[in-house]
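Asks: One structure, as structure tokens, below. Some questions next.
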Amino acid sequence: MKIIETKNLVKLFDGVHAVDGLSIGIEKGQVTGIIGPNGSGKTTLIDLLSGVLEIDGGGIVVNGADKITRLLPHQVFSYGITRTFQNVRLFEQMKVLDNIMVVVTERNVCGSLFGRHPDDNHKIAADALRQVGLWENKNRRAANLSYGQRKLLEIARTLATQAEIYLFDEPFAGLFPEMRKIVSSIVQDLKRRGKTVILVEHDMGLIRELCDHIFVMDEGKLLAEGKPESVLGKREVIEAYLGR
Amino acid sequence: MLWQLIINSIIAGAIYTLVALGFNLVYGATKFFNLAHGIMATIGGYAVFYFAKTLGLDASVAIIIGVVLAGVVGFGLDKLIYLPLRRRKASNMVLLVASLGVMTALQAVIAILFSSRYKTLSQNIGTQKVFTVFGGTITQTQIVILLAAALVMAGLVALLYKTRFGKAVRAISDDEEVARIIGMDTNKIIGYIVFVGSAIAGLAGILVGFDVGIEPTMGLSLLFKGVIAAIVGGVGNIYGGVLGSFLLGFVENFGIWKISGEWKDAVAFVFLIAILILRPRGIMKN
Amino acid sequence: MEYLIHLAILFATYAILGVSLNLIVGYAGLLSVTHAAFYGIGAYTTAILLTKTGVGFFGSLILGIAAAAAVSLLIGIVLSRFKGDYYALGTLGFNTIVFGILLNWKNLTGGSLGIPGISRPELFGINFANNFNFLVLASIFLVLICLAARFVANSPFGRVLKAIREDETAIAVFGYNTLYFKLVIFVISAAMAAVAGSLFASYIAFIDPSGFRVDESMFILAIIILGGLANLRGSIFGALFLIVLPEIMRFVGFPSNIEAQMRQVIYGLILILLMLYRPQGLVGEYKL
């Protein structure tokens, strides 16, 4: 079933359509890739889905029935959506462990102030950090990590939320092969556990390897969709990337 | 009575225009709220006081010195303090706090040198030429204020839109990094911008000094008004700053019509908060 | 000795103000330059109640806290629409408005003449006119507030505040309603400032609007920047330093009429130098 559906999604920046009437459906439990040349609107789409940017037209439906079109980011989260950022946004001056702990605690103000800290939270945080291999660095300041470690920390942060839907915006960019393997296996593990993953990426090899279905965007519109092998061979897709 | 209110509003608007223009200019280049901008006005006013009244120089000479001095001090502060911080990519909070320090220190220095008492710049209080307009009075100084504001605005528009320097200023305002990449010596140009902006503020302080007088804390309140005007008109927007200034002048003066004049500052800020809620980007579309 | 007690009471007052402001500025990352307004609300509530009604000190304290909490909630909601520099400017504006009210609502506040004759607290027959006893009272409040502040700072709530400071959007996407969190800490901080105000009013016996202007807010800001943001111990050090400093200067022997101004010069210089060379303050770990 379609866990996320967009209907004629529109986003304008100063009159320019960053997203132009996009209607796509994300299948539950699959790894869906979003590809397209730079400026095609992929990150804008992720921002719209997560509530970071306001929608100018159209709508988004989750789980077949819940409209999340005008929701604020923290409200979107309650529908089980979590994400990473293309330009890695961590809590720089906080420790690695705190970066994770801060997203597993009570979201309710009173609860976070007065509630007892369940021991589970520590375990969840530790598991997430171990999965990306950052447990030994738990007390280092986030600002002091290497680029690859920062990206892994961002991913660990999403894992700790145990959400249903994961939006990863170029998680592999700039990573060395060993780290790429870690992220790859995380994506595959999420799928194995029935989670839904949306992957914005440029690396076609990884797209072929990981994605069940891909959408190709160009200038804010949907250019093509389907299984990776069939879509990546299409002429319009290649032309979009190479420029006309 | 109504006409006096209108005249007062226009005079206030003209003064705020000068402050807002200077502020917008500098903000466009440096992109942070310089709390010390108001001190340039104070420096201008006190410089004229010192050179004209204490040293006895001719008023026009003192005014020129005052304006230039304000510009130089602004320029110097930028080079000494804000530029190194900008180079270090310091956050806006750091710059704001630093400017807070500059303002606090300089204001106190002026108070030490000249005492906190109110002083006037005009030689003969009470014997100024006064004109009547529709039942309201306007002094010669106030007419000069109007002329000055008009001239400065015209001059600034000419500078920004008709000269190469102006083009560079607008480019930097738009995107400093890009301007630097295409080869502009942005630091040098920003230095000039700061000089001009501070000089304009100095002029504002001098005119206020001739109109009502000077005191060490005058800079902060002038700055508030100029910033409110700039924000209301849309920060960085020259025409917006003018519009905002006059709007503020009217709101302030009509706002205190039935209540004591001491509520002016509060009225101004309520106005600001109202505008920020209704139109966060200012009245004029960018 | 009396003089030292006086200094200690001043120190306690400003330490409370510093610690409470640090929660907003250092932890949540909101540059608020209006703390003196809530300090003033607490002070004036106590002053008015103690001189014009039969309400005692402790009753006025609670009412002062309530007043500050209510006002801060309202203005906090208004200010939440503002971002970055505009927020700071909005707080400055609010402080100016409150000062305007204190100055001009003569029937309530006495205007620039202020309110004289504020009495000391009454409790179990203890003589609080004795300054040492008052110092003990003030210290108890200081300790209570520090404990409360530490509790908040070290709680998961405090951690969310820090995340808001680092990247508000990034923590929002993880399900945290940042507006609520910011409002709550703003109100808590304002309530603490009101306590300092009540204490100070009762101690000094006479208050007028001039002590609650924007420059007072800037002074409190200087305290916490000097001590180090997001570091409560630092704020205490900062308060100590900035209270003791003028006294040291008195020994240097500036003529009294420029002494106050010299203090301002030094505060200003301290801020400038800190920003240039040590943004994390004396003992801070958070670099502005």
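Bear in mind that the values in this text are calculations on the coordinates, not laboratory data. What you see is a predicted model; the values in this text were computed from it and never measured. Here the Cβ positions follow ideal geometry from the backbone for every residue, glycine too, while neighbour counts run over all protein chains shown.
Asks: Mind sorting C:Ser210, A:Ser40 by how few other Cβ atoms lie within 10 Å of their own Cβ, fewest first?
Replies: Values: C:Ser210 13, A:Ser40 22.
Ordered by Cβ neighbours within 10 Å, fewest first: C:Ser210, A:Ser40.
Asks: When the helices in the protein assembly as shown are scored as -39500 (n - 2.57) per DSSP H run of 4 or longer and the sum is shared across all residues, what 222 nm value do you end up with, to the nearest 500 deg cm²/dmol?
Replies: -20000 deg cm²/dmol
Asks: What residue among C:Val160, C:Val252, C:Val152 shows peak mean-square fluctuation when chain C is described by a Gaussian network model with Cα springs under 10 Å?
Replies: Maximum fluctuation in the GNM of chain C, among the listed residues, is at C:Val252.
Asks: Something else about it: Angle check, please: helix B:37-48 long axis (alpha carbons) against the longest principal axis of chain B (alpha carbons), in degrees 0 to 90, nearest 10.
Replies: 50 degrees
Asks: What is the local net charge at C:Phe241, summed over the other residues whose Cβ is closer than 14 Å to its Cβ (Lys, Arg +1; Asp, Glu -1)?
Replies: Surrounding charge for C:Phe241 is +2.
Asks: Take the Cα of C:Ser112, step 7 Å along the line toward its Cβ, and report every residue of region C:22-48 whose backbone nitrogen sits under 11 Å from that point.
Replies: none
Asks: Starting from the Kirkwood Rh over alpha-carbon pairs, what translational D in µm² s⁻¹ does region A:173-244 have by Stokes-Einstein at 10 °C and 1.306 mPa s?
Replies: Estimated via Stokes-Einstein, D reaches 118 µm²/s.
Asks: Excluding B:Thr42 itself, calculate the net charge of residues whose Cβ lies under 12 Å from the Cβ of B:Thr42, where each Lys or Arg counts +1 and each Asp or Glu counts -1.
Replies: Residues near B:Thr42 contribute 0 overall.
Asks: Next question, about the same structure. Go ahead and set up a Gaussian network model of chain C, Cα springs under 10 Å, then flag whichever of C:Arg150, C:Arg213, C:Arg81 fluctuates most.
Replies: Of C:Arg150, C:Arg213, C:Arg81, the Gaussian network model singles out C:Arg81 as fluctuating most.
Asks: I'd like to verify something in chain C: which complete DSSP H helices, judged by Cα projection on the helix axis, reach 24 Å or more and average at least 0.5 on the Kyte-Doolittle scale?
Replies: Helices meeting the criterion: C:2-22, C:35-52, C:57-79, C:85-104, C:131-154, C:178-204, C:232-252, C:256-277.
Asks: Sort B:Asp58, A:Asp203, A:Asp14, A:Asp47 by Cβ crowding within 10 Å, fewest neighbours at the top.
Replies: Neighbour counts put them in this order, fewest first: A:Asp14, B:Asp58, A:Asp203, A:Asp47.
Asks: Across peptide A:87-95, what mean number of C-beta atoms from other chains lies inside 10 Å of a residue's C-beta?
Replies: 4
Asks: If I take R0 = 22 Å and measure r between the Cβ atoms of C:Tyr180 and A:Glu54 in this structure, what FRET efficiency does the formula 1/(1 + (r/R0)^6) give, to the nearest 0.05?
Replies: 0.60
Asks: Relative contact order for region A:1-133: what is it in percent, counting Cα pairs under 8 Å that are at least 6 residues apart?
Replies: Details: 154 pairs, mean separation 26.2, N = 133.
Normalised by residue count, the contact order of region A:1-133 is 20 percent.
Asks: Still on this model: Roughly what % antiparallel, to the nearest 5, for the DSSP beta bridges in the protein assembly as shown?
Replies: Here the share of antiparallel DSSP bridges comes out near 65 percent.
Asks: Loop-only trypsin sites (Lys or Arg not before Pro) in region A:56-100, please: DSSP not H, G, I, E or B, and at most 14 other Cβ atoms within 10 Å. If you can, show how the numbers build up before the last one.
Replies: Working: sites: A:Lys67, A:Arg70, A:Arg83, A:Arg89, A:Lys95; in loops: A:Arg70, A:Arg89.
Those that pass, being in a loop and sparsely packed, are A:Arg70.
Asks: Holding the Cα-Cα limit at 30 Å, pick out from A:Lys7/A:Lys95; A:Lys42/A:Lys67; B:Lys119/C:Lys83; B:Lys129/B:Lys162; B:Lys225/C:Lys83 the pairs that are longer than that.
Replies: Flagged as over cut-off: A:Lys7/A:Lys95; B:Lys119/C:Lys83; B:Lys129/B:Lys162.
Asks: Would you tell me the mean number of C-beta atoms belonging to other protein chains that fall within 10 Å of each C-beta in C:88-95, as a whole number? Can you show the working numbers first?
Replies: Details: counts 7, 11, 6, 0, 7, 12, 4, 1.
The per-residue average across the peptide is 6.
Asks: For chain B, which longest stretch is free of loop sites, where a loop site is one of the trypsin sites (Lys or Arg not before Pro) that DSSP puts outside H, G, I, E and B and that has at most 15 other Cβ atoms within 10 Å?
Replies: Longest stretch, sites excluded: B:130-257.
Asks: Follow-up. Between B:Phe33, B:Phe250, B:Phe131, where does the largest GNM mean-square fluctuation fall for chain B, given springs only between Cα atoms within less than 10 Å?
Replies: So, out of B:Phe33, B:Phe250, B:Phe131, the one fluctuating most is B:Phe131.
Asks: Ok, one more. Given a cut-off of under 8 Å on Cα pairs at least six residues apart, what relative contact order in percent is computed for chain A? Spell out each step's value before the answer.
Replies: On the way: 443 pairs, mean separation 67.1, N = 244.
Here the relative contact order equals 28 percent.
Asks: Given a cut-off of under 8 Å on Cα pairs at least six residues apart, what relative contact order in percent is computed for chain C?
Replies: The normalised contact order for chain C reaches 34 percent.
Asks: Counting only other chains, and only Cβ atoms inside 10 Å, what mean value do you get across the residues of C:74-85?
Replies: Average neighbour count from other chains, rounded to a whole number: 3.
Asks: Moving on. Going by the alpha-carbon gyration tensor, a ≥ b ≥ c the square roots of its eigenvalues, is the protein assembly as shown rounded (a/c under 1.5) or, if a/c is not under 1.5, prolate (a/b greater than b/c) versus oblate? Present the calculation step by step, with values, prior to reporting the outcome.
Replies: On the way: a/c = 2.15, a/b = 1.39, b/c = 1.54.
Judged from the Cα gyration tensor, the protein assembly as shown comes out oblate (a/c at least 1.5, b/c at or above a/b).
Asks: Cα extents of region C:162-288 along the three principal axes, largest first, in whole Å?
Replies: 58, 38, 22
Asks: Next question. To test your reading of the geometry: what angle, between 0 and 90 degrees and rounded to tens, separates the Cα axis of helix B:140-162 from the longest principal axis of chain B?
Replies: 20 degrees
Asks: On C-alpha positions alone, give me the angle between the axis of helix B:238-255 and the longest principal axis of chain B, in degrees, nearest 10.
Replies: 30 degrees
Asks: A further question follows. If you project the alpha carbons of chain C onto the principal axes, what extent comes out on each, in Å, largest first?
Replies: 54, 45, 36
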